[in-house]
Structure formats: C-alpha cells, structure tokens
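Accompanying notes for the structure given below.
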Amino acid sequence: MSIKIPIGPQHPALKEPENFTFTLDGEYVVKVEARIGYMHKGIEKLMESKNYIQNIPLVERICGICNVAHTICYTQNVEYLYEKPIPRRAEFIRVIIEELNRIHSHLLWIGIAAHLVGFDSFFMYTWRDREVVMDLVELLTGNRVSTALMTIGGVRRDIDDDKAYKLRKGLDILEERTKYYKKIAEDEKSLLVRLRDIGRLTPAEAIKHSAVGPTIRASKIKVDVRADDPYAAHDEVPFNVITYDTCDVFGRLMVRIDETLESINMVRYCLDHMPSGPIRIRLPNAPPPGESVSRVEAPRGEDIHYVKSNGTDKPYRYKVRAPTLGNLSALIEMLTSKGDYLVHVADIPVVLGGIDPCMCCMDRSAKFIDPIKGKEWSLTWEQLKLYAKRKWEKEGIKAKCR
Amino acid sequence: MSITPLLLKHIFKKRATILYPFKEREKVHLPEGFRGELRFFREKCIGCGLCFRACPSETIEMSIDEKGKRPIFYLDRCTRCQQCEEVCPTKAIELTKNFETVYFDRKSTIIK
C-alpha cells in the first residue's frame, strides 16, 4: 500500500516555498512530483515595461543570494548588444565581487546543510564567519547583500589600496576558517553518517537530467562556465574546477568547501594583477536592435539570460533561466528509490537542501495539461477571469472577481 | 568529535553578536559609502528629470511648482540603489548613512 503526502509550499522542513507530493511505500519514497509556480513573480514581463538602467536593480532581485551572478549576466548581455568591450579593470572588479558572493553563498549553504542534519553548532560557527565576507562586500559596494555594483558599461565603484588591504586581511581569516571547516567535515562522524550515500546521482543520470553547478561537479563531471566559456576576466584568472566522485550530498558539501578556497585564491590573484584605468564607459540609452544570450556561473550553477532588443530603450523580450530549474529534474531522480538505493523520509530535507535550492528564482507561470488527451494549452487573463466566473456561478456563488 | 575543542574554547569568549537596538548602538560599524536614507537639496535642483528616469521603483514623481519641474520622493518605495545620486548633474541628491528609517505614518516618508 502506498501513501501520498504533500509537502509545501509552507512546511517546517522546507526552506523554500514549493509544493512536492511524495508517494511512500512504508518508510521509503517511491515517487516524487514537483509542482512549480507558487512564487511566480512576473519579473520577465515587468522588465519589458522598464528601461535598461531601471532593470538592473530589478534583475538583482531575482535572487537575493546570487544577485551578483544575475546582474553580471544581465549587464554583459546588454553589452553584447552594443558590441563594445568594457574596460579591463571593470572586468577584474566584476570577478572579485562575483567570487566574494560565491564565498558568502557557499558558507551560507554549509551552515544550512549542517542545520538540516541537526548539527547546529557547526551552523552557528559558519554563519559567524560568514559575517567577515558580508562586511567585505559592504565595504566594497555599500551594502551587505544587494550589491548594486554592476552597471551597463562597467562597474560603479572602484577598489583603492585601502580597501584592497582590508580585503586581503579578511581573506586570510576566511581561508583559515574554511580550512578548519574542511577538516571538521571530513572527520566529524555525525556529518558523515547523515550525508554519505544520501541523494545519489550517478554521472550518467547527471548528464541525462542536465544538472548544473556543484550538483553535477559532485558527480565527477567537469562542467563550469568560468572554464568552458570564460566571461569577464575569467580567461586570465587561473583556478581549478573542483570535482568529487562520491555522487552524494557529502560530495556536494566538499565541492562547495573547496570552491570557497579556490574563490579566495582567485580574489587574491585579481587584486595582484588588476590593471589600472577607467572602470566604466558611457553607452547610449538604447542599444541597437538584435538579440543575445549570456551565461554566468552562479554559486548554484549555470545561469542563462536572453534579451531581444527592438532599438528602443526598453527590452522587447527578456528571458531568465535560473540554475535551480536545471537541477530540479535531477533532484526528483535523487529523491526516488530504485534498486538498492533507498530514500528515507528523514533524508528528504537534506537531499532537497543538497542542490542549494532557490525556488523563487526559477518559478514560472502554470500551463494546463490534459494527461488523458495529451493536450497542452494556456489561458489569457481575460479567459481565466471568465472561466472563474462561470465556475463559481455554476456552484451558486456570485462571482466576486471584476 | 573534532569540533569539541572549539566549543569548549568559546565558553569563556565574548559573544559574536551585539545587543543592537537596546545597548551597544555605537558598535554598529558602517563603512564609507554606505547606502542609507536619501537626502534631497531642493535649492541645488534644476529639474532635469534624470533621477526620475533612472529610478527603478517609482520612488520619484515629478511635480510642477513655481520654479518649474521638481521631484517628490516617496521614501517608502526606495530600494537605495543609488542610481539617482549617480545621474544627478548638480549633486542635489545624497544617500546618507542613516539606516534606521522607521516612521509612524506614510506621510512623513515623503520628501519635497
């Protein structure tokens, strides 16, 4: 006998609002259905009504934690339309802020993973040390989370010697602490028991479901946009693509810890080799007509933006594919028991948390599907209102919708 | 338990947090260039409307008075992105370090 349990959108085990239906056979999960669209924000449509400069703070709010990845992706996408290179110093500053953002996001996730397995003291220490990188971001940009540093044609603030000195001092503390956390994660028994062989994703499955970011790198596949398709100053800054072959949540934890150490070295390299010169160029308000695609390695994986311009100062169409959408079908694969791999109900939160989900970034509007007839369709707002009115009138309730 | 020495060491250390709203207010450290509440110098404004076009959250509305076009700021909508300060040709807009922006009514958030 199987039981269906719905989890979410609001549930104590989930840190993100999303609805999942788990079919259970005893204590094991045999089938998972994800229902997305609860937090659809309509940002793509809203962007069509604002000009390119006004859209920068809006793009930043697609995701609070990986806001730098989204703004870099947006600004370089618009710069591709102008077909003009931006100053080299601006590209280096972009890499510095992006890597600081990655450090902050990964330290946050390490804490969350520890919290999900019930290891709260580890969670508190990582979050205390995350304050160091938050203060560095505040020093460089003027705010802890919403950086608002990128603009079309470069960056808005420069890094002077005083700031660079403080940045290096902060990085030394972070490196020491992250190495200590790596030691704890490798030795601590309670972490190993809860994370080993949980959320298994074999390399073949990872490719089949096109997982992105640390999730696919923990399955021993070398995929990283920074190395495969370098943007900003990544063609010059050296780094190693971290992979692990454990194919489980423990591998994802170790990938993130090692990437944090790599990011610290990348920021140091940028500070040493940053050329002098201007930090931004002025570009006209309206880009020439055309379309372009840009890719950025966000802390959670590959982030893809598409823009189509018709020559006015507002985008004609804008499309965002946030990294979590790429990981969602792989997540369903991880949560389903098959053969000797069994998923307990108690492991659901940590497997869900293992992909570092950011559901609100990727939610999109619903589509109507008829599984029996195999039909798919969507309704306009007017049709939907009419549908609702008819339905409630049939039930004898006077329609309240206008 | 490899984290135990760290835990024992921190029993006798000071706490990492501060008791912000009640005590230790002076310990809140804000760096140079912090983006806080907006301040507007009306005498410097020339009414060009550039800030109105750069604002992403419709904080700024243009009105007409005896001097010509002038902006009105609705600070409850402000996201402190600093784009208005950046485009202002006469430096009539400035972001201060004030981050405690709580008011009892919406009217007091309007700056003219």
Tell me yes or no: at least one residue of segment A:294-304 is assigned to a loop (DSSP other than H, G, I, E, B) and among the aliphatic types (A, V, I, L, M).
no
Every pair of residues 6+ apart whose Cβ atoms lie under 8 Å, when the first sits in segment A:169-192 and is within 19 Å of A:M124 (Cβ to Cβ) while the second is among the aromatic types (F, W, Y) and not in a helix (DSSP H, G or I):
A:E188/A:F119; A:S190/A:F119; A:L191/A:F119
Out of the residues in segment B:54-68 that are in contact with a Pro (Cβ under 9 Å, 6 or more places away or on another chain) and open to solvent by 20 Å² or more (accessible area, probe 1.4 Å), which is nearest to the other protein chains (Cβ to nearest Cβ)?
B:S57
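Listed here are the residues, each with its yes/no results for (1) modelled with pLDDT of 90 or more; (2) out of contact with any helix residue (DSSP H, G or I) (no Cβ under 7 Å at 6 or more places or on another chain); (3) not in a loop (DSSP other than H, G, I, E, B).
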{"residue": "B:I46", "(1), (2), (3)": "yes, yes, no"}
{"residue": "B:R53", "(1), (2), (3)": "yes, yes, yes"}
{"residue": "B:M62", "(1), (2), (3)": "yes, no, yes"}
{"residue": "B:F73", "(1), (2), (3)": "yes, yes, yes"}
{"residue": "B:E85", "(1), (2), (3)": "yes, yes, yes"}
{"residue": "B:K91", "(1), (2), (3)": "yes, no, no"}
{"residue": "B:N98", "(1), (2), (3)": "no, yes, no"}
Please work out which residue is surrounded by the most Cβ atoms within 10 Å (Cβ to Cβ), limiting yourself to segment A:340-383 and to residues that are hydroxyl-bearing (S, T, Y) and over 24 Å from A:V255 (Cβ atoms).
A:S365
Can you pull out every residue in segment A:143-190 that is open to solvent by 20 Å² or more (accessible area, probe 1.4 Å), within 12 Å of chain B (Cβ to nearest Cβ) and among the aromatic types (F, W, Y)?
A:Y180
For segment A:35-81, give me each residue that is more than 14 Å from chain B (Cβ to nearest Cβ), open to solvent by less than 30 Å² (accessible area, probe 1.4 Å) and hydroxyl-bearing (S, T, Y).
none
In segment A:25-37, is there at least one residue being farther than 30 Å from A:N285 by Cα and hydroxyl-bearing (S, T, Y)?
yes
Mind listing just one residue for me: the one in segment A:121-136 that is under 16 Å from A:R102 (Cβ atoms) and at the interface with chain B (Cβ under 10 Å from one of its Cβ atoms) and, of those, surrounded by the most Cβ atoms within 10 Å (Cβ to Cβ)?
A:L136
If you take the residues of segment A:109-118 that are open to solvent by less than 20 Å² (accessible area, probe 1.4 Å) and of a type outside the set (V, I, T), which of them is nearest to the other protein chains (Cβ to nearest Cβ)?
A:A114
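The values are calculated or read from the model by the stated rules, or taken from the named source; none is laboratory data. Quantities reported herein were computed from a predicted structural model and do not represent experimental measurements. As a convention, Cβ positions derive from the backbone with ideal geometry for all residues, glycine included, and neighbour counts pool all protein chains shown. Just the protein is used for accessible areas: all its heavy atoms, side chains included, with ligands, DNA and RNA removed. Shrake-Rupley method; radii C 1.70, N 1.55, O 1.52, S 1.80 Å.
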